[in-house]
1. Six or more apart or on different chains, Cβ under 9 Å: which pairs go from a residue in region 72-101 that's more than 23 Å from L18 (Cα to Cα) to one that's of a type in the set (D, E) and at pLDDT 95 or above? Could you list them?
2. Looking only at region 84-123, which residues are modelled with pLDDT of 90 or more and not hydrophobic (A, V, I, L, M, F, W, C)?
3. Does A41 qualify as being of a type outside the set (S, T, Y), closer than 16 Å to A106 by Cα and modelled with pLDDT under 95?
4. Pick from region 1-13 the residues that are surrounded by 15 or more Cβ atoms within 10 Å (Cβ to Cβ) and out of contact with any Ser or Thr (no Cβ under 7 Å at 6 or more places or on another chain): which of them is nearest to Q54 (Cα to Cα)?
5. Against the condition more than 10 Å from the chain's Cα centre (by Cα), over 14 Å from A72 (Cα atoms), polar (S, T, N, Q) and loosely packed, with under 14 Cβ neighbours inside 10 Å, how does S55 come out, does it pass?
6. If I ask for residues that are under 16 Å from P96 (Cβ atoms), surrounded by fewer than 24 Cβ atoms within 10 Å (Cβ to Cβ) and not hydrophobic (A, V, I, L, M, F, W, C), which ones from region 25-51 would you list?
7. Condition check: assigned to a helix (DSSP H, G or I), among the hydrophobic types (A, V, I, L, M, F, W, C) and at pLDDT below 95. Does A81 satisfy that?
Amino acid sequence: MDAVLSQMIKRQVVATALVALVAYLLIGLHGALSALAGGGAAILGSLAAAKKLQSSAAKNTAGSALANLLVAEVIKIAVIAIALLLVFTLYRNLIPLALIFGLGSAAIMSGAAIFTLNEKNNL
């Protein structure tokens, strides 16, 4: 499971960096920083969820696994919401569209990475 989470985070970082680079080329520094803030929020959420899943990995029943997964998802959403609230509050030169693209790219890579890595493990 650690390898899957590690790969997921790496893919999120790469996707966020690419969006930030494009935002920098199209909009400038504040576009890049906004994209990094959006992607960073998603990455922080993923790290928090991963920490929760790793701390409760010893339980093997299906019910406890589902409960842990749901709790981890709630933690992920809460961390993303708090991070975005801080960004909106503290960053005066925020470019919302760049933030949305950064957040979206990292979130999409989260799901895509887990799906792809799961498929590789099932072969």
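The values are calculated or read from the model by the stated rules, or taken from the named source; none is laboratory data. Values in this document were obtained by computation on a predicted structure and should not be read as measured data. Using ideal geometry, Cβ is built from the backbone for each residue, glycine included, and neighbour counts are taken over all protein chains shown.
1. Cβ pairs passing all conditions: none.
2. Hits for region 84-123 are T89, Y91, R92, N93, P96, G102, G104, S105.
3. On the way: of a type outside the set (S, T, Y): yes; closer than 16 Å to A106 by Cα: yes; modelled with pLDDT under 95: no.
So A41 fails the test.
4. Applying the filter and picking the extreme gives L5.
5. Numbers: more than 10 Å from the chain's Cα centre (by Cα): yes; over 14 Å from A72 (Cα atoms): no; polar (S, T, N, Q): yes; loosely packed, with under 14 Cβ neighbours inside 10 Å: yes.
So S55 fails the test.
6. Scanning region 25-51 gives G28, H30, G40.
7. Details: assigned to a helix (DSSP H, G or I): yes; among the hydrophobic types (A, V, I, L, M, F, W, C): yes; at pLDDT below 95: no.
Spelling it out, it is not the case that A81 is assigned to a helix (DSSP H, G or I), among the hydrophobic types (A, V, I, L, M, F, W, C) and at pLDDT below 95.
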